[in-house]
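The values are calculated or read from the model by the stated rules, or taken from the named source; none is laboratory data. What you are looking at is a predicted structure, and each value in this text was computed from that prediction instead of being measured. Neighbour counts are summed over all protein chains in view; Cβ atoms, including those assigned to glycine, are modelled from backbone coordinates with ideal geometry.
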Amino acid sequence: MRALVTGLALLIAAAAPVRAADAMADFDEYDLHSFIILKCHAAQDGADRAHLSQADAVRKVALDTLWAQLDKINPARHAENGKNAEATLARRSEAHDRFIQSQVTEYGCDWLDGKGIQQRQ
């Protein structure tokens, strides 16, 4: 029975719309760029502040999208799915923070600003 549920969950996840992948990619990109700003830009300029001001909106779209995906798999666990979506985003943010810190340590902020995570235009 567990294999059937797991198989069904994988099938649904594989068939998820591209917008879900886009929402998570947007979240990841936003998060990584934010960590670069916070770790490397002692004086934040207008572009940095504008980027950081989008935090709630980007996080909400990613949370809602991930939560909806989990609800498709098991709608009876809506509240638990919300907690799992929150926890997933928190784990991703922690991983991004560790990654950027390792890049700052390894390559430095100048490299990250010039050649690191490419900013969306």
Worksheet entry | Checking Glu106 against (1) more than 20 Å from the chain's Cα centre (by Cα); (2) at pLDDT below 85; (3) not basic (Lys, Arg), the condition it does not meet | (2)
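Do you know which residues across region 99-115 are surrounded by 11 or more Cβ atoms within 10 Å (Cβ to Cβ) and not aliphatic (A, V, I, L, M)? Even if it seems obvious, please write down each step before you answer.
Just the residues of region 99-115 that are surrounded by 11 or more Cβ atoms within 10 Å (Cβ to Cβ), to begin with: 99-101, 103-104, 107-109, 111-113.
Phe99, Gln101, Gln103, Tyr107, Gly108, Cys109, Trp111, Asp113 - these are the residues of region 99-115 that are surrounded by 11 or more Cβ atoms within 10 Å (Cβ to Cβ) and not aliphatic (A, V, I, L, M).
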Response to the item:
Exactly one of Ala57, Ala16, Ala85 is outside any helix (DSSP H, G or I) and either at pLDDT below 95 or of a type in the set (Gly, Ala, Ser) (or both), and that residue is Ala16
Worksheet item: Scanning region 31-58 for residues that are of a type in the set (A, V, I, L, M, F, W, C) and in contact (Cβ under 8 Å) with a residue 40 or more places away in the chain, which turns out surrounded by the fewest Cβ atoms within 10 Å (Cβ to Cβ)?
Response: Cys40
Worksheet item: For the subset of region 34-50 comprising residues that are of a type in the set (A, V, I, L, M) and in contact with a helix residue (DSSP H, G or I) (Cβ under 7 Å, 6 or more places away or on another chain), which member is nearest to Phe99 (Cα to Cα)?
Response: Ile36
Worksheet item: How many residues are over 24 Å from Asp56 (Cβ atoms) and either at pLDDT 90 or above or not in a helix (DSSP H, G or I) (or both) when one looks only at region 88-103?
Response: 1
Response to the item:
If we keep only residues of region 61-97 that are of a type in the set (Lys, Arg) and surrounded by 11 or more Cβ atoms within 10 Å (Cβ to Cβ), then the residue nearest to the chain's Cα centre (by Cα) is Arg92
